[in-house]
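Shown next, in C-alpha cells, is the structure this report addresses.
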Amino acid sequence: MDYNLTKQQIALKKEFEHFFQEEMKKAPPEYWQSGQFETVYISDAGWEFYKYMKGRYAEKGWAALAWPIEYGGAGLTLMEQLLFDEAQSLYGAPRDIYGIRMFGQAVLVFATEEQRKRILPPIVSGEIQYCQGWSEPNAGSDLAALTTTAVRDGNEYVVNGQKTWTSGAHRSDKIFLLARTDPNSSRGEGLSVFNVDLKLPGIEIRPVHFMNGDHVFNEVYFTDVRVPASELIGGEENDGWRQTRATMNFERSLIAFFAGTRRRLDEFIEYVKTTKRDGRYLAENPIIRHKIAQLHVDIEVGRSLAYSTAFAELSGNMLFSAAAASESRVFGGELYQRVANVTTEIMGLYGQVESSRWAPLHGIASDGYQFNIGFNIGGGTSEIQRNIIAWIGLGMPRLKTVKTK
Amino acid sequence: MDLSFSSTQKLLRDSAAKFLSAECPYARVKEIEDSEQGYDPVIWAQMADLGWLGCALPEEYGGTASSFVDLIIIQEEIGRRLAPSPFFSTVVQCSELIRAGGSEEQKSELLNAIAEGRLIMSLAQYEPEASYLESGIKMQATPQGDQYILSGVKMFAMDANICGKLITAARVPDMGVTLFLVDADHPDISISKIPTIGKDNACEVILNNAAVPKSDVIGEVGDGWELLEKMNAKAAVAKAAEMVGGSKACVTMAGEYAKMREQYGVPIGGNQAIQHYLANMLVAYDTSYSYLYQVACMVDEGRDFALEASTLKACCNQNYKFISERAVQIHGAIGTTRECDISLFYRKAKACEYACGDTFLHLDNIADSLL
C-alpha cells in the first residue's frame, strides 16, 4: 500500500496549483460572493468569469484530463483528474459539473461513437454549457416516477412534460433530458436520455428563486418539443435508467467537496486569528479553537474517504461502488453544512450579514448557511444516500413500495 | 401548581393568532421583508389599537399593565407568523428601558407615544467589534456645557431606519456607560440598513460629533449598563418566545408536508427516517416551550431570572436552528426556495440566534454562574 503520488503527479499538482493561484486573482468580486458551485449562475460577472475559466482549462488541455484523447481529453487517469479537481476547489475556481463531470462521463460510457465525437469536444472546449433534466414536481427522491414523455414520430421524438430544480437552465445551451419513451412502462423500465438543445421551439424556462431571492434554479416546460432521433443517447430506447444511475455516481464522487471546505476553513482560520472581540483574538477562545479543530478532523478524514472512493473508481471500472459514492456525498454534504453553522456561529452578530461592505469574508458564511443546506437535498437527499449505503453497502433489505399506476 | 392559561390569556392568544394570520400571511411577510421600510405601518397601527404596544406599560402611561406572560404569548404568536415589525425594538427593548430608568417627564412623553403607535424606537447598543459585553461599549460621550457630544459607530441597531428616536449607549469619561435619547433626524447622525439573513432592519448608525442635551440622559449617568443588562435578560426571554412560536410552526408545517408529499407511492412521513426527525423536533419544541413559560412566570413573580434567561436563550438558539433546518430537509428542494414558507423560518432562526446574546454569550453566563 502506498499513499504517495508519483514524481510526475507531484509536478502536475504543483503546476495546477500555480495556475489556479494566478488565474483566480482575476476573479471579480461578484464571483467570490457566489462561489464555485451552482451559485455561479447568480451574477452576470460571476458567470462571465466561469466561461473565461472554462476557456483557460481548454487551452491548457486540462478540461477533461481522464477522457481519451480522441474526444478532446488528455488521456490521463482519474488520479490526475482528482488532483486537478482538488487544486481547483482549493483555490475556489469554477468547475463544469454538468458537462464534464456528469453528462460527458455518461456519453463516454453509453453513447454511440457518432455521438461521442459530436457531443464531447464542445463540452471540453467550453463552448456548450449543459444543465440536468431529471427532477420533476412529483419525482424528486423517487426519480423513476417521472412522467415527462418522449414519443417517437418519424425521425423525431415529441417531448411533453415539466422538469424542475434545473440549476442554470437560464444560462445553458443544452439539457440532458431523462424522459419516458415507453408510455406503458412503470418506474425505471421505459426511460431514455436525450441530448436536447434548449433553443428548440416549445421549451419554456421559468425561474425558481432561492430562499434569499437568488436565481439558480428553474422550471423547464416542454410542449410538443421535436427532438431529432439522433439525440437519443446510445441509440436504443429504454436504456436511460441504467445510464442515469451511473451518472448519479459520477456526480457523487466529489473530492471538490472536501477541498472546498478546506478552503473555507483556511479562510476562516485567518479570520479568527486577526479578529478581536472582548479584548482578545477569537483564536484565543478555547471553545472556538475546539470547534475549528473538530472541523479540521472532519475535513481530513473526509478527504481521505474521497481519495479511497476515487481509487475504487480507478482500480475497478467507471461503474464503481454506489455505496462508496453515497458515503462520500453524504459526509461531504453534511460537512459543508457544519462548516457554515460553525462559521456563522463564531462570527457572532456578523454571521448574519450578507455580501456588503460590512460582511467578513465576502458574506460567504451567511451565504453558506443558506446554500449549503442544498448539498443535503440536491443530487439525492442525505436520506436517500443513507438508504443506498444501507442497501448496497450493508446488504439491508429494501422495503417494498407501492407501485405507481 | 397550575400550568394552565387563564381564560383571558387564551383569548389573547386566539385573537393574536387570528389577527396576524389575517393581516400578515406569509406572502405578506415576504413583501414586507423585501421592502425598504421592513414593516407595515397599517399593521403597526392595528397593534396599537389592540393594546399590544402598551402591554408592558402601566396604565398611567397609556399601557394595559399586562403580565409578562401576556407579552410572551404575543411574542410567541409573532414568531409563529414571522410578522415583521418594530415590536421587539420598540416595545420589548426601548419602552422597558424608559419604564425602568426614565424620568417622569420622559415616561409620560415617550411611553404614551409608544403605546399609541406614534413613536418607533431603536436600541443602539452594539459596536463594530460586535461584543455583547459592557466592555464592548466604547463610544465616547464627552460633556460640553449642558450637552454631551457623541461620536462613533453603532452596529445592528434594529429598526433605526424607521425610528423616531434611538437609545444610544455611550461612555461618559470617569462615569461609565450611560444611555442617551437621540433623535433619528439629528443632523449629525447617518443610518444605513445592513443586508442580513433575516432580511430585517438591522442598521449601522454613525454619530459624528452629535450633540445631545443633558436632559436626554435616561436614568443616572453611569447607570446605563445596569439598565441594559436587566432589560436584555427580559428581552432574551421575549426573543425566546418568538423562537418557540417559530419552532412550533416548523414542526406543524413539516408534519403536514410529510403526510401529504408522496414518493415511491407512499407519503414520505411513512419512512422511519422522517418519523425520527419529526419525533426529535417535537421533543426539542416541547422542552423549549415548557421552559419558556416556567421562566416567564419567574419574571412575573419578581424573582431573579438571569441564569434561567441564559439557559432558555441558549436552548432556543440550538433548538430553533435544529428544528427549522430539519423542517427544510423534510420539505426537500422546495424547502430551499423563497416561494416555500418554511425557508422563512430557517433564515429567521439564524437572525434570532444573535438577538440579545448568541449561544457563546449565554453558555458563558451559565458557566460563570455555575463555576
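The values are calculated or read from the model by the stated rules, or taken from the named source; none is laboratory data. Just so you know, these numbers come straight off a predicted model, no measurement behind them. We place every Cβ from the backbone using ideal geometry, glycine too, and count neighbours over all the protein chains shown. Surface accessibility is based on the protein's heavy atoms, side chains included, excluding ligands, DNA and RNA. Shrake-Rupley method; radii C 1.70, N 1.55, O 1.52, S 1.80 Å.
Let me confirm one metric for peptide B:190-201, namely the mean number of other chain beta-carbon atoms within 10 Å of its residues' beta-carbons. It would help to have the intermediate numbers written out before the result.
On the way: counts 0, 0, 3, 1, 9, 11, 11, 13, 3, 4, 1, 0.
Going residue by residue through B:190-201 and averaging, the value is 5.
So, in Å, what gap is there between the alpha-carbon centers of the stretch A:135-200 and the stretch B:214-228?
So the separation of the two Cα centres works out to 67 Å.
Is the shape of the stretch A:1-118 rounded, prolate or oblate, going by the alpha carbon gyration tensor and its root eigenvalues a ≥ b ≥ c, with a/c under 1.5 for rounded and a/b larger than b/c for prolate?
Values: a/c = 2.07, a/b = 1.17, b/c = 1.77.
Because a/c hits 1.5 or more and a/b fails to exceed b/c, the stretch A:1-118 counts as oblate.
With springs only between Cα atoms under 10 Å apart, run a GNM on chain A and tell me which of A:Gly279, A:Gly92, A:Gly126 wobbles the most.
Looking only at A:Gly279, A:Gly92, A:Gly126, the biggest GNM fluctuation is shown by A:Gly279.
Find which of B:Tyr289, B:Ala249, B:Gly357 sits farthest along the positive direction of the dipole of the stretch B:222-364, computed with +1 on the beta-carbon of Lys and Arg, -1 on that of Asp and Glu, about the Cα centre.
B:Ala249
Just tell me how shielded B:333-344 is by partners: mean number of partner chain Cβ atoms within 10 Å of each residue's Cβ, no decimals.
Working: counts 11, 6, 4, 13, 8, 8, 4, 2, 0, 1, 6, 1.
The shielding value for this peptide is 5.
From the phi angles alone, apply the Karplus equation (6.51, -1.76, 1.60; θ = phi - 60°) to the stretch A:391-398 and give each ³J(HN,Hα) in whole Hz, x where the residue is Gly or Pro.
5, 8, x, 10, x, 5, x, 8
Along the charge dipole of chain B, Cβ charges K/R +1 and D/E -1, which of B:Leu207, B:Ser15, B:Gly270 sits furthest on the positive end?
Going by the Cα projections, it comes out as B:Gly270.
Go through A:Thr244, A:Thr275 and list them by solvent-accessible area, largest first, probe radius 1.4 Å.
On the way: A:Thr244 0, A:Thr275 30 Å².
Final ranking, largest accessible area leading: A:Thr275, A:Thr244.
Report the accessible surface area buried between chains B and A, summing both sides, using a 1.4 Å probe on protein heavy atoms only, in Å² rounded to the nearest 100.
On the way: alone 16470 and 18710 Å², together 30860 Å².
For chain B against chain A, roughly 4300 Å² becomes buried.
In whole Å, what is the distance between the alpha-carbon centres of the stretch B:182-201 and the stretch B:237-272?
Value for the Cα centre distance between the two parts: 35 Å.
Counting only protein heavy atoms, what percent of the accessible surface of the stretch B:1-48 is carbon or sulfur at a 1.4 Å probe? Write down the numbers at each step before the final one.
Details: 1630 of 2830 Å².
Accessible surface attributable to carbon and sulfur in the stretch B:1-48 totals 58 percent.
Just check the stretch B:11-65 against the gyration tensor rule for me: Cα atoms, a ≥ b ≥ c as the square roots of the eigenvalues, rounded for a/c under 1.5, and otherwise prolate or oblate depending on whether a/b exceeds b/c.
Numbers: a/c = 3.52, a/b = 1.65, b/c = 2.13.
Because a/c hits 1.5 or more and a/b fails to exceed b/c, the stretch B:11-65 counts as oblate.
Provide the FRET efficiency to the nearest 0.05 for the B:Asp300-B:Val266 pair, computing r from the beta carbons and using R0 = 35 Å.
Calculated transfer efficiency: 0.15.
Specify whether the C-alpha gyration tensor of the stretch A:91-236 places it in the rounded, prolate or oblate class, a ≥ b ≥ c being the square roots of the eigenvalues: rounded for a/c under 1.5, otherwise prolate if a/b is larger than b/c and oblate if not. Intermediate values should be presented prior to the final figure.
Working: a/c = 1.59, a/b = 1.11, b/c = 1.44.
It comes out oblate by the Cα gyration axes.
Accessible area per residue of the stretch A:218-349 at 1.4 Å probe, in Å²?
Values: 5200 Å² over 132 residues.
That works out to 39 Å² per residue.
With θ taken as phi - 60° and the coefficients 6.51, -1.76 and 1.60, list the Karplus ³J(HN,Hα) couplings across the stretch B:219-233 in order, rounded to whole Hz; mark glycine and proline as x.
Going residue by residue, I get x, 8, 4, x, 8, x, 5, 4, 4, 4, 5, 5, 4, 5, 5 Hz, with x marking Gly and Pro.
Take A:Glu127, project a point 7 Å from its Cα along the Cβ direction, then tell me which residues of the stretch A:197-229 have their backbone nitrogen under 18 Å from it.
Under cut-off, by backbone N: A:197-200.
Students often check this: by mean Cβ neighbours within 10 Å, which of B:140-146, B:350-356 ranks highest, and how do the rest follow?
So the order, starting with the most tightly packed, is B:350-356, B:140-146.
I'd like the accessible area for B:Met260: 1.4 Å probe, protein heavy atoms, all chains in place, Å² to the nearest 10.
Accessible surface of B:Met260 is approximately 130 Å².
When Cβ neighbours within 10 Å are restricted to other protein chains, what is their mean count per residue of peptide A:208-217? Walk me through the numbers on the way to the answer.
On the way: counts 7, 4, 5, 14, 7, 6, 1, 1, 2, 3.
Average per residue, whole number: 5.
What dipole magnitude, in Debye to the nearest 20, does the stretch A:37-154 give about its Cα centre under +1 on Lys/Arg Cβ and -1 on Asp/Glu Cβ?
Values: 10 positive and 15 negative charges, 44 e Å.
Result for the stretch A:37-154 is approximately 220 debye, rounded to the nearest 20.
When the helix-only estimate is applied to chain A (DSSP H runs of n ≥ 4, each -39,500 (n - 2.57), divided by the residue count), what is the mean residue ellipticity at 222 nm, nearest 500 deg cm²/dmol? Let's see the in-between values first.
On the way: 12 runs with 176 residues, N = 405.
It comes out at -14000 deg cm²/dmol, rounded to the nearest 500.
Along the Cα→Cβ direction, 7 angstrom out, place labels at A:Thr6 and B:Glu109. What is the inter-label distance in nm?
Rounded to a tenth, the inter-label distance reads 8.3 nm.
Let's test the formula: R0 of 35 Å, r as the Cβ-Cβ distance of A:Ala293 and A:Glu17. What FRET efficiency results, to the nearest 0.05?
Working: r = 25 Å, r/R0 = 0.72.
The calculated FRET efficiency here is 0.90.
Mean residue ellipticity at 222 nm from the helices of chain B, using -39,500 (n - 2.57) per DSSP H segment of n ≥ 4 over the full residue count, to the nearest 500 deg cm²/dmol?
-16000 deg cm²/dmol
Pop out the ³J(HN,Hα) list for the stretch A:164-176 in order, Karplus 6.51 cos²θ - 1.76 cosθ + 1.60 with θ = phi - 60°, rounded to Hz; leave Gly and Pro as x.
Running phi through 6.51 cos²θ - 1.76 cosθ + 1.60 with θ = phi - 60° gives 9, 6, 7, 4, x, 4, 5, 10, 9, 9, 9, 10, 8 Hz.
Which of A:Ala246, A:Leu108, A:Trp67 sits closest to the plus end of the dipole of chain A, meaning its Cα is farthest towards the positive end, when Lys and Arg get +1 and Asp and Glu get -1 on the C-beta?
The listed residue farthest towards the positive side: A:Ala246.
How big is the dipole moment of the stretch A:199-266 about its Cα centre under a simple scheme where the beta carbon of each Lys and Arg is +1, that of each Asp and Glu is -1, and everything else is neutral? Debye, nearest 20, please. Write down the numbers at each step before the final one.
On the way: 9 positive and 10 negative charges, 87 e Å.
Using only the charged Cβ atoms, the result is roughly 420 debye.
May I ask you to order A:147-153, B:239-245, B:86-92 by the average number of other C-beta atoms within 10 Å around their residues, highest value first? Present the calculation step by step, with values, prior to reporting the outcome.
Numbers: A:147-153: 17.4, B:239-245: 28.7, B:86-92: 25.7.
The peptides rank, most packed first, as B:239-245, B:86-92, A:147-153.
List the relative contact order of chain A as a percent without decimals, with contacts defined as Cα pairs under 8 Å and 6+ residues apart.
Values: 663 pairs, mean separation 53.8, N = 405.
Computed value for chain A: 13 percent relative contact order.
In whole Å, what is the distance between the alpha-carbon centres of the stretch B:1-53 and the stretch A:333-405?
33 Å
Quote the FRET efficiency, to the nearest 0.05, computed for B:Ser290 versus B:Gln147 with a Förster distance R0 of 41 Å and r equal to the Cβ-Cβ distance. Present the calculation step by step, with values, prior to reporting the outcome.
Values: r = 50 Å, r/R0 = 1.22.
Calculated transfer efficiency: 0.25.
Relative contact order for the stretch B:88-210: what is it in percent, counting Cα pairs under 8 Å that are at least 6 residues apart? Before the final figure, lay out the partial values.
Working: 246 pairs, mean separation 28.7, N = 123.
Relative contact order here is 23 percent.
How many nm separate the modelled label positions at A:Arg152 and A:Phe311, each set 7 Å beyond the Cα in the direction of the Cβ?
4.6 nm
Suppose every Lys and Arg Cβ carries +1 and every Asp and Glu Cβ carries -1, with no other charges. What dipole size does the stretch B:245-371 come out with about its Cα centre, to the nearest 20 debye? Walk me through the numbers before you get to the answer.
Values: 11 positive and 14 negative charges, 103 e Å.
The dipole of the stretch B:245-371 has a size of about 500 debye.
How high is the relative contact order of chain B, in percent, counting Cα pairs under 8 Å that sit 6 or more residues apart?
Working: 665 pairs, mean separation 56.1, N = 371.
That works out to 15 percent.
Can you give the local net charge around A:Gln162? Use residues other than it whose beta-carbon is closer than 11 angstrom to its beta-carbon, Lys and Arg +1, Asp and Glu -1.
Residues close to A:Gln162 contribute a combined charge of -1.
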